[in-house]
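Let me begin by presenting the structure, written as structure tokens, before commenting on it.
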Amino acid sequence: DVKVTQSSRYLVKRTGEKVFLECVQDMDHENMFWYRQDPGLGLRLIYFSYDVKMKEKGDIPEGYSVSREKKERFSLILESASTNQTSMYLCASTSPAWDRAHNEQFFGPGTRLTVL
Amino acid sequence: AQKITQTQPGMFVQEKEAVTLDCTYDTSDPSYGLFWYKQPSSGEMIFLIYQGSYDQQNATEGRYSLNFQKARKSANLVISASQLGDSAMYFCAMRGTGGSYIPTFGRGTSLIVHP
């Protein structure tokens, strides 16, 4: 019954390291999203993708990049991790169809990243 | 541009009582959808309920109901008969139409249910 999975629940990295966060969905959704969640700030969109190899910047793309080589997989990359990127990262997917049964986003379990 | 406002950072409720979590929104889209999600301490976001802007009736899903007042641009979540397992963060979100599939989230409300 698993729909959206993320590669790690907890991750500890050092400043300057390159970090890969992987997200896989099995619902054949076109749209995938990466959010960052910090206390009091809610969910902030980093990047989203509406098709394979297509990506768009969200509200806070600085310091991040993404890759979508296959429809089911959307990767978030921190090129050089910094302490201010310590956060909870959530991946989500959704169908673009404006149909009531398919409106909601499906979220992964989240990755708590700590950068030391 | 879309905006969601949740003015209650934290709420407390006694077990078995009802509680209302506030959500107001702003959008220029003539057609849109409103969502509520629950996030327990485990971190996973769980979809609770959806309301379409042209739906005639307020949405209900078990103990959850959405008090939709279009003229006031509010979409409050009502949880009846609160349970200890309802303690969590709750997020209101909206999504427009016309190809705009990027949801906008509020900052969330932390609900604590006391025994």
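Remarks
- Interchain or long-range residues, amide H under 5 Å from B:Gln8's placed H: B:Asp22
- Remark: chain A is approximated by an ellipsoid whose semi-axes, taken from the C-alpha gyration tensor as √(5λ), come to 24, 14, 13 Å, largest first.
- Order of B:Met89, A:Met54, B:Met11 under a 10 Å beta carbon neighbour criterion, fewest first: A:Met54, B:Met11, B:Met89
- Most fluctuating residue given options A:Gly42, A:Gly16, A:Gly63, as computed from a GNM of chain A linking Cα atoms under 10 Å: A:Gly42
- Equivalent ellipsoid semi-axes, chain B, via Cα gyration tensor eigenvalues times 5, rooted, Å: 24, 14, 12
- Max mean-square fluctuation residue, GNM over chain A, Cα-Cα springs under 10 Å, options A:Pro61, A:Pro39, A:Pro96: A:Pro39
- Dipole magnitude for the range A:1-112: computed about the Cα centre from +1 point charges on Lys and Arg Cβ and -1 point charges on Asp and Glu Cβ, it is near 360 debye.
- Shape call, the range A:12-53: gyration tensor on alpha carbons, a/c limit 1.5: oblate
- Proximal charge balance of A:Cys91 [Cβ under 15 Å; K/R count +1, D/E count -1]: +4
- Counting Cβ atoms of other protein chains within 10 Å of each residue's Cβ and taking the mean over peptide B:81-94 gives 1.
- Cβ-derived FRET efficiency at R0 30 Å, A:Leu41 paired with A:Val12, nearest 0.05: 0.85
- Average partner coverage of B:33-42, which counts Cβ from other chains inside 10 Å: 2
- Ranking A:Leu116, A:Asn84, A:Tyr35 by how far each Cα lies toward the positive end of the dipole of chain A (charges on Cβ) leaves A:Leu116 at the top.
- The charge dipole of the protein assembly as shown, taken about its Cα centre with unit charges on the Cβ of Lys, Arg, Asp and Glu (plus for the first two, minus for the last two), comes to roughly 380 debye.
- Residue pairs exceeding 27 angstrom between C-alpha atoms, taken from B:Lys16/B:Lys73; A:Lys70/B:Lys3; A:Lys55/B:Lys3; A:Lys53/B:Lys3; A:Lys18/B:Lys3: B:Lys16/B:Lys73; A:Lys70/B:Lys3; A:Lys53/B:Lys3; A:Lys18/B:Lys3.
- For chain B, the residue among B:Ser82, B:Met11, B:Phe105 whose Cα projects farthest onto the positive side of the dipole built from Cβ charges is B:Phe105.
- Here the translational diffusion coefficient of the protein assembly as shown follows from Stokes-Einstein with Rh set to the Kirkwood radius across Cα pairs; for 20 °C and 1.002 mPa s it amounts to 118 µm²/s.
Here, each number is a calculation from the coordinates, and none is a lab measurement. Small disclaimer: the values here were computed from a predicted structure and weren't measured. Don't worry about glycine lacking a Cβ; one is built from the backbone with ideal geometry, like all the others, and counts go over all protein chains shown.
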